[in-house]
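The values are calculated or read from the model by the stated rules, or taken from the named source; none is laboratory data. Just so it is clear, the model here is predicted, and its values are computed rather than measured. As a convention, Cβ positions derive from the backbone with ideal geometry for all residues, glycine included, and neighbour counts pool all protein chains shown.
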């Protein structure tokens, strides 16, 4: 997750964002182009808001004559239509199988300005690259020269030097090919010209008994949490424990979940377990969730079961005194081991709770939360760009203290580099105090540090990280867990759980 290697960034902009695009792509486009990311992360097929305007006279001239400084030209849409079906499917798969089209470094300010102008000329004046980007199977294949696409991880590889106009055009051309291919496949399926989408699901890697461990149990795992010396695996009406480094789980508790699925778990100080259950249902185009919470003792026996009105989802963590913390939007509820409410804390409006991340118990036994400082709603791209020059993105680290008057305190600001678009989760570190997982890589941070540092770029991870669970072990190792091949779903297609033989655990020595 990351040391001072070049940071991994998202692509600047596409013309349209189909529904099948990953959420992180849409967030990235909006971030770089100065748009406001939607709170719910729902993708809609819509034209990007930020477009460069060309003078009306020039527009009329282009439409009437089709002639520019580059002479008569084939429109870029006609250029895309020249792709054959094999190319379309290849580009679709490259986009679908990877980690949301990243870059190995950010476009510099001067490059972004040139990118916008060249993209306009590409789309309206037929200015196309003379060459094309290189397609790479492995990151080691990139020589550091020109534009490359690491196809297995959908990552654009850029040289350290400022990009030339030709290289920027190759990047623009590659992005348009990917966008066109996704749109084309979606349209083919919608129109019935093809039955289904191209198969891109990667096969489960072969286990080696050390770094890659295949799960050998029989549980249809739908949620995984880390305990003091084991993993908790939750499936249908059952929760198992699996020793770290093992491949076989043992039953910890059986319970009739009444059709609900486990959405989070947190181990208590005595080896018991708090369990958050969720039932999802579709009503028209809307998804509704119902929640319930359990507390199991160290033998897996029920201590309490409750569904308070305020329980609308959330994340769980337990402090050194055995108190349970439940984060529900801007509210933090603190319960004792019997389920009695100790207090609740309403975080101030300055925190953007749509960007809150998982609660985490720190090395000092206190519970922490990382969140973003809220920005004003500025929709004009120029105004937003000016605002960001003096108000960079601020990730704030909060420590909770139920005995203090406020119940919390800010312990650090600007913890995460501002280029990181959105955190995935947060865990107690091994050597560092905390480990942060994000689309841009994995970062470590210790209290008192100026800022988190990256120890791994995501394309360096041993698997495609989307859909994977992430954990940090006390010895400094990192663990990814992911189900490959097929996954089982409920009748609404809402609750995912793994096919047991497709589940893999990856152990990585990466933390500094």
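Among the residues of the range 176-202, just one is surrounded by 13 or more Cβ atoms within 10 Å (Cβ to Cβ), outside any helix (DSSP H, G or I) and modelled with pLDDT of 90 or more, namely 194.
For (1) surrounded by 12 or more Cβ atoms within 10 Å (Cβ to Cβ); (2) closer than 30 Å to residue 193 by Cα; (3) modelled with pLDDT of 80 or more, each residue gets a yes or a no:
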residue	(1), (2), (3)
53	no, no, no
57	no, no, no
66	yes, no, no
91	yes, yes, yes
94	yes, yes, yes
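Any residue at all in the range 293-315 that's without any contact (Cβ under 8 Å) to a residue 40 or more places away in the chain and buried (at least 20 other Cβ atoms within 10 Å of the Cβ)? There is at least one residue in the range 293-315 that is without any contact (Cβ under 8 Å) to a residue 40 or more places away in the chain and buried (at least 20 other Cβ atoms within 10 Å of the Cβ).
Is it the case that residue 173 is more than 18 Å from residue 468 (Cα to Cα), surrounded by 13 or more Cβ atoms within 10 Å (Cβ to Cβ) and not assigned by TED's automatic domain parsing to the domain that holds residue 280?
Values: more than 18 Å from residue 468 (Cα to Cα): yes; surrounded by 13 or more Cβ atoms within 10 Å (Cβ to Cβ): yes; not assigned by TED's automatic domain parsing to the domain that holds residue 280: yes.
Criteria met by residue 173.
If the condition is being within 16 Å of residue 410 (Cβ to Cβ) and modelled with pLDDT of 90 or more, then the range 348-363 contributes 360, 362. There is at least one residue in the range 218-241 that is surrounded by fewer than 21 Cβ atoms within 10 Å (Cβ to Cβ) and on the phi > 0 side of the Ramachandran plot. Would you say residue 511 is at pLDDT below 80 and either surrounded by 22 or more Cβ atoms within 10 Å (Cβ to Cβ) or part of a loop (DSSP other than H, G, I, E, B) (or both)? So residue 511 passes the test.
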